[in-house]
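Contents: one structure, followed by commentary.
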Amino acid sequence: MVKILLAAIAGAAVAALVVTVTTVSLSGATATPVNQPLYNYGDR
Amino acid sequence: MSHTARAGLSAALLGLVLGCLALGPALGWGFTLIQDMVFVPDPAFSRFTFGLAGGAARVVPSDAVVTALAQVLPAELVQKLILLAIFVLGCSGAALLVPSSSVGPRLVAGVFYVWNPYVAERLLIGQWALLLGYAGLPWVVRAVWSGRRTALAILPAAVGGFAAMTVTALTALPLAVARWTSGNGSGNGSGNGARWAGPARVVVVLAVFSLPWLVPTALRPEGLRGDPVGVEAFAARADTPFGAVGSLLSLGGIWNMYAVPPGYETVPGAVARMLITLTGLAFFLRGAVAYRKGLAAAAAVGLGVACVGVSEPGRAAFRWAVELWPGFAVFRDAQQFVAPLALASAVGLGLLAARVTGRSGRSELSSSDGVRGSPSRGSRPVIRGRGWVVVLVLVPLAVLPTMAWGALGRLAAIAYPEGWTAAREVIGRDPAPGDVLVLPFESYRRFPWNGGRAVLDPAQRFFAAPGRRVVTNDAVRVGELLVRSEDPRAQAVEHVLQSPSPDLPGAGFRYVIVNAGTPAERQRFAGWLRTATLVVDARDLRLYRFDGPVRSIPPQ
């Protein structure tokens with residue numbers, strides 16, 4: 001049971017890594033979020 | 001060297017490595033300026049430093065500690081040491097909470113505690129003082145449970161101030177009560193008086209360490225004006241497909257959509273983060289750690305507080321509370337209270353790793369009723385696999401890879417422009433009385449020289465000088481919402497600036513700094529400042545001086 005859980009965690013982690021890196025590579029990571037209003041603390 | 005010391009040292013070194021990896025370019029020479037994270041070169045003590053000017057005393061005593069340290073070390077270095085200390089303290093503290101005779105499971109807990117959405121989001125919103133309290137949380141658990149060195153353990157939170165102390169109190173108090181109601185904390189068991197001495201000591205330490213911000217708040221109650229609009233603005237939000245509650249359970253859910261690492265929105269990433277957090281939580285709840293009930297209660301209360309603001313009735317309750325007493329405004333940004341949940345999950349993952357290696361240990365942090373669920377107890381099959389422990393150490397990094405390298409450049413080190421330094425020298429040399437006004441009268445900026453990152457205007461701290469008040473606006477814009485100013489002086493200035501030709505010397509200002517603004521705003525300011533002398537005209541900043549008499553405004 002624990003082995004299955006560990007395998008699921010490892011698989012989910014690898015999938016997350018691949019998809020996140022691919023997404024960021026394709027969309028282009030920016031140092032600052034774009035279209036942020038001039039004087040805003042942030043946005044929801 | 002004892003096993004515990006060796007494990008603590010290993011985890012501290014790993015925390016240092018993770019800190020370097022997470023901060024990346026922010027460790028270059030210069031200052032990291034992002035959102036609420038504001039450090040300035042050669043900071044000076046001022047009334048603002050001690051919470052005696054401005055709004056609520058949120059920067060007390062963190063600003064005073066930084067200013068004091070910057071008297072002996074370059075302020076750039078002070079900032080980097082504090083940020084790295086968060087990772088070192090957090091990783092080693094969480095590691096030492098895992099009762100294991102092997103270092104590996106402890107490292108699993110340490111890595112997850114400092115590499116998760118909570119740390120990433122709070123780092124990107126610049127709340128280093130809160131993170132200092134977060135890093136000290138495992139040490140607080142250890143100290144409260146053992147009844148030793150409680151004051152030392154709470155010290156990082158005490159430096160952090162208001163928010164850090166609130167999160168720490170939320171964790172320490174349930175633990176103290178659980179410890180002493182379990183009957184283990186009464187020392188010699190000499191009755192109810194001794195039994196409650198432990199929680200009483202924790203309460204006293206929390207109260208004494210809160211005095212630095214409690215005293216200025218009591219002296220200036222007018223600075224404590226929480227705007228109920230903030231409840232709407234700062235409530236937790238959904239930053240995963242699982243809604244706001246699901247996001248909080250994954251240790252995310254910060255209100256600010258810009259304070260998340262790049263690529264955070266992917267579904268596999270959200271699923272993986274939820275899976276490891278819940279797995280950690282499940283193993284913690286089944287685990288054999290002595291402080292389980294206390295930390296579980298703290299995690300439940302923290303999650304509950306964070307969840308209140310995600311529903312309209314909950315927000316209405318918070319609004320009512322803030323109107324009743326503005327101090328309740330600390331609960332507006334309630335996502336910060338999932339910190340004990342992060343710690344419980346981290347320890348749970350460590351327990352999972354200990355089970356995998358069959359190396360659950362016995363220590364003062366193991367429960368006295370045996371090691372529940374541990375394969376070392378008897379008939380359960382022991383799954384030996386140090387390889388799995390290595391996997392569990394790497395999993396937090398894999399599910400949040402873009403937290404690395406300063407969230408791919410979101411954090412960086414920059415130098416303040418020369419114009420700022422020149423203006424500070426001019427103001428510092430001038431013996432004539434009068435305050436400094438900073439325009440545009442907005443609290444946050446996106447300076448081109450800071451890569452366009454949103455940051456709280458550093459002018460308040462940069463131009464601080466004895467006897468001179470630097471007035472900036474502390475009203476906050478969140479989307480279309482405006483959280484009104486808490487500072488009575490800023491409110492008065494706001495009123496003055498509504499005039500087509502404001503009388504700035506009459507409002508107490510000798511100097512006016514213009515450090516941002518659209519062309520239209522700059523044109524309007526030039527009209528206001530026709531009678532002033534342009535003293536510094538740099539690309540990034542203009543400094544104007546009124547040469548005539550200036551009205552004296554007494555401190556409020």
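Bear in mind that the values in this text are calculations on the coordinates, not laboratory data. Just so you know, these numbers come straight off a predicted model, no measurement behind them. In this analysis, Cβ positions are derived from the backbone assuming ideal geometry, glycine residues included, and neighbour counts consider all displayed protein chains.
Brief remarks follow.
- Debye, to nearest 20: dipole size of chain B, +1 on Lys, Arg Cβ, -1 on Asp, Glu Cβ: 1940
- A straight chain from residue B:534 to residue B:300 at 0.36 nm per residue would run longer than the Cα-Cα distance by 78.5 nm.
- Remark: B:405, B:128, B:449, B:320 ranked as B:320, B:449, B:405, B:128, counting other beta-carbon atoms within 10 Å and listing the fewest first.
- Nearest 10 degrees, 0 to 90: helix B:162-181 Cα axis against chain B principal axis: 30
- Gap separating the Cα centres of segment B:444-494 and segment A:1-15, nearest whole Å: 47
- Within chain B, DSSP assigns beta bridges of which about 70% are antiparallel (rounded to the nearest 5).
- Using alpha-carbon coordinates, inclination of helix B:488-497 to the longest axis of chain B, degrees: 40
- Computed label-point distance, nm, for sites residue B:219 and residue B:520 using a 7 Å Cα→Cβ extension: 4.3
- Between residue A:7 and residue B:286, the FRET efficiency estimated from the beta carbon spacing at R0 = 30 angstrom works out to 0.95.
- Gyration tensor (alpha-carbon) shape descriptor, segment B:418-545, a/c threshold 1.5: rounded
- Relative contact order (%) - chain B, alpha-carbon pairs under 8 angstrom, separation at least six: 20
- For the protein assembly as shown, alpha-carbon Rg over 2.2 N^0.38 Å: 1.00
- With a Förster radius of 25 Å applied to the C-beta separation of residue B:151 and residue B:13, the computed FRET efficiency comes to 0.40.
- When each of B:101, B:2, B:443, A:25 is scored by the number of other beta-carbon atoms lying within 10 Å, the sequence from fewest to most is B:2, A:25, B:101, B:443.
- Excluding exposed DSSP-loop trypsin sites (Lys or Arg not before Pro) (at most 10 other C-beta within 10 Å), longest clean stretch of chain B: B:1-529
- Relative contact order %, segment B:418-545, counting alpha carbon pairs below 8 Å whose residues are six or more apart: 30
- Projected label distance in nm at residue B:320 and residue B:390, using a 7 Å step from Cα toward the beta-carbon: 5.7
- Value of [θ]222 nm, deg cm²/dmol, for the protein assembly as shown, DSSP H segments ≥ 4, -39500 (n - 2.57) each, nearest 500: -16500 deg cm²/dmol
- Inter-site label distance for residue B:426 and residue B:6 at 7 Å from Cα along Cβ, in nm: 6.3
- Rel. contact order, % - alpha carbon contacts under 8 angstrom, at least six apart, segment B:59-127: 20
- Using alpha-carbon coordinates, inclination of helix B:292-308 to the longest axis of chain B, degrees: 40
- Centre-to-centre, using Cα atoms only, segment B:403-436 and segment B:78-151 are separated by 31 Å.
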